[in-house]
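The values are calculated or read from the model by the stated rules, or taken from the named source; none is laboratory data. Fair warning: this is a prediction, and the values are worked out from it, not measured in the lab. Cβ coordinates were reconstructed from backbone atoms using ideal geometry, including for glycine residues, and neighbour counts include every protein chain displayed. We work out accessible area using only protein heavy atoms, side chains counted, and drop any ligands, DNA or RNA first. Shrake-Rupley method; radii C 1.70, N 1.55, O 1.52, S 1.80 Å.
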Amino acid sequence: MTDSPTVVLVHGAFADASGFAGVIRELEAAGRTVIAPPNPLRSLAFDAAAVADVVRSIGGPVVLVGHSYGGAVISQASAVLDNVTALVYVAAFSLDVGESCAGVQEGYPPSLLATTSYPTGYDAPGAPGGPDLYIAKERFRETFCADVPADVADVMFATQRPLSLAALTENATAAGWKTKPSWYLVSEHDNSIPPDTERFMAKRMGSTTEEIAGSHTAFIAQPVAVAAFIGRALAA
């Protein structure tokens with residue numbers, strides 16, 4: 001599939017790109033070229049610029065896939081990337097200009113994450129200001145990855161990468177989904193982003209939308225299904 005787009009997977013908060021392992025295996029088995037670069041999780045503008053640099057270096061078309069906060073990053077980055085042909089959101093934020101990840105959830109019942117995350121007592125390294133955010137151990141699995149085995153959740157907790165509070169509250173300055181086609185996979189049992197918020201964002205974008213009976217990280221528990229969803233976006 002030499003003419004097919006490169007799939008660039010962008011992870012979200014409290015995680016790293018290793019969570020995409022199962023999805024990567026499925027996509028590569030189908031002949032797709034896939035990369036999953038690190039998302040710095042420092043500020044929306046900084047993170048979008050970092051991802052944009054990676055995408056610009058790819059010779060050919062790209063489909064950007066974002067999970068969670070990674071969706072906000074691909075929305076902003078894609079606005080200045082001519083080689084991005086489509087956007088895929090997996091239980092992810094898609095922000096409009098002047099909107100933040102925190103702000104887009106207003107008006108919906110708060111997610112479990114609102115009460116199980118906590119700020120550090122020190123400023124987030126490399127962020128514009130303010131603390132980092134982590135998810136507390138006691139309810140990490142329930143909040144983030146309820147459909148993975150407990151021992152896997154324990155490792156995910158121990159290795160979680162924090163999101164700076166600055167990134168959560170920074171307003172978007174661009175929205176690539178306004179000019180690029182999008183696909184959205186809603187997680188029906190998401191305790192990190194309210195599923196109704198996901199449905200609202202998908203509808204606003206005019207996305208091709210499907211739902212999966214899974215947690216915020218359904219792509220880890222159900223990589224075959226999520227890779228198939230991404231595959232349908234690629235085929236379109």
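Suppose we keep only residues that are open to solvent by 10 Å² or more (accessible area, probe 1.4 Å) and in contact (Cβ under 8 Å) with a residue 60 or more places away in the chain within the stretch 22-42. Which one would you say is farthest from LEU163 (Cα to Cα)?
ALA30
Given (1) more than 19 Å from PRO37 (Cβ to Cβ); (2) modelled with pLDDT of 95 or more; (3) out of contact with any strand residue (DSSP E or B) (no Cβ under 7 Å at 6 or more places or on another chain); (4) assigned to a loop (DSSP other than H, G, I, E, B), where does PRO109 come up short, assuming only one miss?
So PRO109 meets the others, but not (2).
Search the stretch 93-116 for residues that are under 19 Å from THR217 (Cβ atoms) and free of Cβ contacts under 8 Å to residues at least 24 places away in the same chain and pair each with any residue that is surrounded by 13 or more Cβ atoms within 10 Å (Cβ to Cβ) and of a type in the set (A, V, I, L, M, F, W, C) when their beta-carbon atoms are under 6 Å apart and the residues are at least 6 apart or on different chains.
Sorted first by the residue in the stretch 93-116, then by its partner, the list stays empty.
State all residues of the stretch 43-92 that are farther than 17 Å from ALA127 by Cα, of a type in the set (Gly, Ala, Ser) and touching a residue at least 40 places away in the same chain (Cβ under 8 Å); if no residue qualifies, say none.
GLY60, GLY66, SER68, GLY71, SER75, ALA77, SER78, ALA79, ALA86, ALA91, ALA92
Only residues that are assigned to a helix (DSSP H, G or I) and farther than 18 Å from VAL73 by Cβ: list them for the stretch 165-203, please.
Matches in the stretch 165-203: PRO195, ASP196, ARG199, PHE200, LYS203.
For the stretch 27-85, which positions are β-branched (Val, Ile, Thr), under 14 Å from ALA175 (Cα atoms) and not in a strand (DSSP E or B)?
VAL73, ILE74, VAL80 - these are the residues of the stretch 27-85 that are β-branched (Val, Ile, Thr), under 14 Å from ALA175 (Cα atoms) and not in a strand (DSSP E or B).
Could you tell me whether any residue of the stretch 128-148 is out of contact with any Phe, Trp or Tyr (no Cβ under 9 Å at 6 or more places or on another chain) and more than 24 Å from SER215 (Cα to Cα)?
yes
Based on this model, can you work out whether THR143 counts as outside any loop (DSSP other than H, G, I, E, B), exposed (fewer than 12 other Cβ atoms within 10 Å of the Cβ) and of a type outside the set (Asp, Glu)?
So THR143 does not fit the description; no.
Among the residues of the stretch 197-234, what is the count of those that are surrounded by fewer than 19 Cβ atoms within 10 Å (Cβ to Cβ) and either modelled with pLDDT under 95 or not aliphatic (A, V, I, L, M) (or both)?
So the answer is 11.
Looking at (1) more than 15 Å from the chain's Cα centre (by Cα); (2) open to solvent by 60 Å² or more (accessible area, probe 1.4 Å), can you tell me which one ARG161 breaks?
Status for ARG161: all satisfied but (1).
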